[in-house]
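Note sheet for the following structure.
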Amino acid sequence: MTYTTLISPAELLEHLYHPDWLILDCRFSLDDPHAGYAQYLQGHIPGALHADLEQHLSGTAIPGITGRHPLPPADAFAHTLAQWGIDERVQVVAYDDWNGVFAARLWWMLRWMGHAAVAVMDGGWPHWVQAGYPTRPGAEQRTPRTFTAQTVAHLHVTTPELLVLHTTPDVCVVDARSPERYRGEYEDRDPVAGHIPGAINRFFGDNVGSDGCFLPPTQLREQWQQVLGDAPTGAVIHYCGSGVSAAHNALAMAHAGLDMGRIYIGSWSEWCADATRPVATTLAPPATGADPAV
């Protein structure tokens with residue numbers, strides 16, 4: 001069986017030592033970029049390698065031009081995947097400790113590279129530990145394999161494309177940030193507050209329940225259909241602060257059996273870097289919800 005959206009800790013346990021399975025620990029902290037790897041060294045799922053948001057899952061950010069977490073060059077990321085021991089036979093499982101936010105970025109990037117056999121462990125590291133499943137400290141190694149990239153270019157859009165598309169009636173732009181950041185009430189990561197004109201808001205945190213696991217597919221489908229209205233799911237373009245939590249919304253839609261749409265990787269951090277691009281704000285009653293500002 002191939003897992004392409006989510007996998008439970010119990011299901012992963014059954015394949016823990018399979019040579020054609022690879023586990024990637026994506027724990028990361030925006031406030032302390034070294035914390036994720038330190039936590040990995042302290043303890044992780046046996047066999048897991050560490051996938052760092054800034055070292056492995058992002059290219060070089062150029063202030064004023066790119067977003068905070070641009071994509072790495074496709075050939076460079078393909079090399080990383082090969083060094084991790086991924087080829088067409090490998091089932092990849094990613095996890096983190098923040099509701100799957102960083103793991104979803106890896107999930108989407110592998111889909112972008114044409115590798116569909118990738119899933120996020122539902123509930124992440126906290127649920128693995130709570131279940132009493134095995135862990136071990138230290139760094140892991142894996143024999144490299146040959147990874148052949150088949151990039152799927154239509155899965156993401158660029159800023160010039162979005163400048164045209166965001167005003168197109170049959171395109172639905174979805175902002176994954178918290179309602180407060182979407183409305184422009186505050187902004188603690190980027191120099192400008194607000195959102196892309198015409199975008200609607202679906203906070204990525206609403207994809208999970210109080211237990212940190214994704215909501216059931218039927219419930220997610222109902223919620224997303226309410227958010228999107230008559231807009232076709234294939235016309236959705238997700239964005240967030242820097243192209244990370246947008247992937248969480250894409251994963252939620254895929255888990256719900258919907259077209260996952262596309263992602264604007266530059267996201268708000270790239271959009272607002274140019275003062276000539278339009279910005280919208282929305283006054284509304286306060287809403288709650290924690291946002292890691294990614």
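Each reported figure results from applying straightforward, stated rules to the coordinates on display, with no laboratory input. Quantities reported herein were computed from a predicted structural model and do not represent experimental measurements. Cβ placement follows ideal geometry from the backbone for every residue including glycine, while neighbour counts extend to all protein chains displayed.
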Under a 5 Å amide H to amide H cut-off, with H placed in plane at 1.01 Å, what residues pair with Val244 once short-range neighbours are removed? none
Under a 5 Å amide H to amide H cut-off, with H placed in plane at 1.01 Å, what residues pair with His238 once short-range neighbours are removed? Val174, Arg262, Ile263, Tyr264
Could you tell me the center-to-center distance, by alpha carbons, between the range 1-21 and the range 77-115 in angstrom? 14 Å
Packing-based exposure ordering (other Cβ within 10 Å, fewest first) of Cys172, Cys272: Cys272, Cys172
Fewest to most Cβ atoms within 10 Å: Cys213, Cys240 sort as Cys213, Cys240
Charge context of Asp96, other residues only, Cβ under 10 angstrom, K/R +1, D/E -1: 0
nm² value of the averaged projected area, convex hull over the Cα atoms of the range 6-151: 8.3 nm²
Residue by residue through the range 225-242, what is 3J(HN,Hα) from phi via Karplus (6.51 cos²θ - 1.76 cosθ + 1.60, θ = phi - 60°)? Round to whole Hz and write x for glycine and proline. 5, 5, 5, 7, x, 8, 5, x, 5, x, 9, 7, 10, 8, 8, 8, x, 9
Evaluate the charge dipole of the chain about its Cα centre and quote only its size in Debye, nearest 20, assuming +1 on the Cβ of each Lys and Arg and -1 on the Cβ of each Asp and Glu. 280 debye
Over all pairs of distinct alpha carbons, what does the Kirkwood formula give as the hydrodynamic radius of the range 160-288, in Å? 14.7 Å
Rounded to the nearest 5, what % of DSSP beta bridges with both residues in the range 154-271 are antiparallel? 10 percent
Quick check: Cα centre of the range 244-282 to Cα centre of the range 143-190, how many Å? 3 Å
The percentage of Cα-Cα pairs in the range 1-91 separated by more than 20 Å is 47 percent
May I ask for the percentage of alpha-carbon pairs in the chain that lie more than 35 Å from each other? 14 percent
Just to be sure I understand: with springs between alpha-carbon atoms less than 10 Å apart, which residue in Arg177, Arg202, Arg111 has the highest mean-square fluctuation in the Gaussian network model of the chain? Arg111
Against the 2.2 N^0.38 Å scaling, with N counting residues, where does the range 94-158 land? I'd like the Cα-based Rg ratio to two decimal places. 1.36
